[in-house]
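Student: The structure's right below; bear with me while I get my questions together.
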Amino acid sequence: MEARKTYTVDEAKRKLEHYCAYQERCHKEVRAKLYEMHMIPEAIDLIMVHLIQHNFLNEERFAKAFVRGKFRMKQWGKNRLLRELKFRDISKFSIDAGLKEIDEDDYEKTLETLIEKRMALVKEPNGYKKKKKIADYLLYRGWESYLVFEKLNTYLK
């Protein structure tokens with residue numbers, strides 16, 4: 001049996017400070033990391049409080065960074081972003097603050113760009129089937145159905 005690495009509270013604090021400084025983290029990720037390190041619940045609570053007090057951990061900042069990054073890089077819609085943030089146990093307040101990071105004009109332009117790119121890729125002669133394939137793709141990425149169909153109807157008559 002291999003010896004399990006153990007950490008003192010101070011060692012774990014330093015390790016987690018570095019972990020949080022490297023990239024924005026949500027509370028759930030940090031708690032999971034501490035469990036991985038085999039820390040006891042009392043130590044986990046102590047370290048979490050320390051990270052929050054010293055601003056290594058900030059749920060609202062995480063939500064804003066997450067939304068900006070996933071929208072810009074993966075072009076996710078608001079529904080997908082909302083779902084992913086809820087999965088990470090982010091508060092409603094922080095989710096709302098994060099979603100405000102998206103500029104409405106950019107949001108609309110991104111949707112139009114995605115539709116145009118997808119239209120070029122989908123080689124389907126039947127107009128209805130083509131529209132459905134494009135819509136399914138966009139809905140999976142979390143775009144609101146009313147927006148998707150509104151835009152698709154202007155592109156595909």
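Residue by residue, here is whether (1) farther than 23 Å from ALA135 by Cβ; (2) of a type in the set (D, E, K, R) holds:
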site: LYS15; (1), (2): yes, yes
site: CYS20; (1), (2): yes, no
site: HIS27; (1), (2): yes, no
site: LEU34; (1), (2): yes, no
site: ILE52; (1), (2): yes, no
site: PHE56; (1), (2): yes, no
site: PHE71; (1), (2): no, no
site: ARG88; (1), (2): yes, yes
site: ILE102; (1), (2): no, no
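Student: Moving on. In segment 79-95, what residues are surrounded by fewer than 18 Cβ atoms within 10 Å (Cβ to Cβ), over 17 Å from HIS27 (Cβ atoms) and not polar (S, T, N, Q)?
Tutor: ARG83
Student: With respect to LYS92, is the statement that it is farther than 30 Å from LEU152 by Cβ and at pLDDT 95 or above true?
Tutor: Details: farther than 30 Å from LEU152 by Cβ: yes; at pLDDT 95 or above: yes.
It is true that LYS92 is farther than 30 Å from LEU152 by Cβ and at pLDDT 95 or above.
Student: Scan the helices (runs of 4 or more DSSP H) fully inside segment 1-106 and keep the ones with 3 or more residues being in contact with a strand residue (DSSP E or B) (Cβ under 7 Å, 6 or more places away or on another chain). Before the answer, list the steps.
Tutor: Working: elements: 9-22, 27-36, 41-53, 59-74, 78-87, 92-99.
Qualifying helices (runs of 4 or more DSSP H): none found.
Student: Let me ask something else. Does segment 114-123 include one or more residues that are part of a loop (DSSP other than H, G, I, E, B), of a type outside the set (Asp, Glu) and over 20 Å from PHE149 (Cβ atoms)? Quick ask: steps written out before the conclusion?
Tutor: Going through segment 114-123, the residues part of a loop (DSSP other than H, G, I, E, B) turn out to be 122-123.
If we keep only those that are of a type outside the set (Asp, Glu) as well, we get 122-123.
Next cut, over 20 Å from PHE149 (Cβ atoms) only: 123.
Yes, segment 114-123 contains a residue that is part of a loop (DSSP other than H, G, I, E, B), of a type outside the set (Asp, Glu) and over 20 Å from PHE149 (Cβ atoms).
Student: Is it true that some residue in segment 71-87 is of a type in the set (Gly, Ala, Ser) and more than 17 Å from ARG141 (Cα to Cα)?
Tutor: To start, the set of residues in segment 71-87 that are of a type in the set (Gly, Ala, Ser) comprises 77.
Still in the list and also more than 17 Å from ARG141 (Cα to Cα): none.
No, every residue in segment 71-87 fails to be of a type in the set (Gly, Ala, Ser) and more than 17 Å from ARG141 (Cα to Cα).
Student: Working carefully through the options LYS78, LYS130, LYS151, find the one that is in contact with a helix residue (DSSP H, G or I) (Cβ under 8 Å, 6 or more places away or on another chain), touching a residue at least 60 places away in the same chain (Cβ under 8 Å), charged (D, E, K, R) and not assigned by TED's automatic domain parsing to the domain that holds VAL30.
Tutor: Working: LYS130 fails: touching a residue at least 60 places away in the same chain (Cβ under 8 Å); LYS151 fails: touching a residue at least 60 places away in the same chain (Cβ under 8 Å).
Among LYS78, LYS130, LYS151, only LYS78 is in contact with a helix residue (DSSP H, G or I) (Cβ under 8 Å, 6 or more places away or on another chain), touching a residue at least 60 places away in the same chain (Cβ under 8 Å), charged (D, E, K, R) and not assigned by TED's automatic domain parsing to the domain that holds VAL30.
The rows are residues; the columns are (1) hydroxyl-bearing (Ser, Thr, Tyr); (2) loosely packed, with under 15 Cβ neighbours inside 10 Å.
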| position | (1), (2) |
| --- | --- |
| ASP105 | no, yes |
| THR113 | yes, yes |
| LEU121 | no, yes |
| ASN126 | no, yes |
| LYS131 | no, no |
| ASP136 | no, yes |
| TRP143 | no, no |
| TYR146 | yes, yes |
| LEU152 | no, no |
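Student: Does HIS38 meet the test of being modelled with pLDDT under 95 and not charged (D, E, K, R)?
Tutor: Taking the combined requirement at face value, the residue satisfies it.
The values are calculated or read from the model by the stated rules, or taken from the named source; none is laboratory data. Being a predicted model, the structure only gives us computed values, none of them experimental. All Cβ positions, glycine included, derive from the backbone under ideal geometry; neighbour counts span all protein chains shown.
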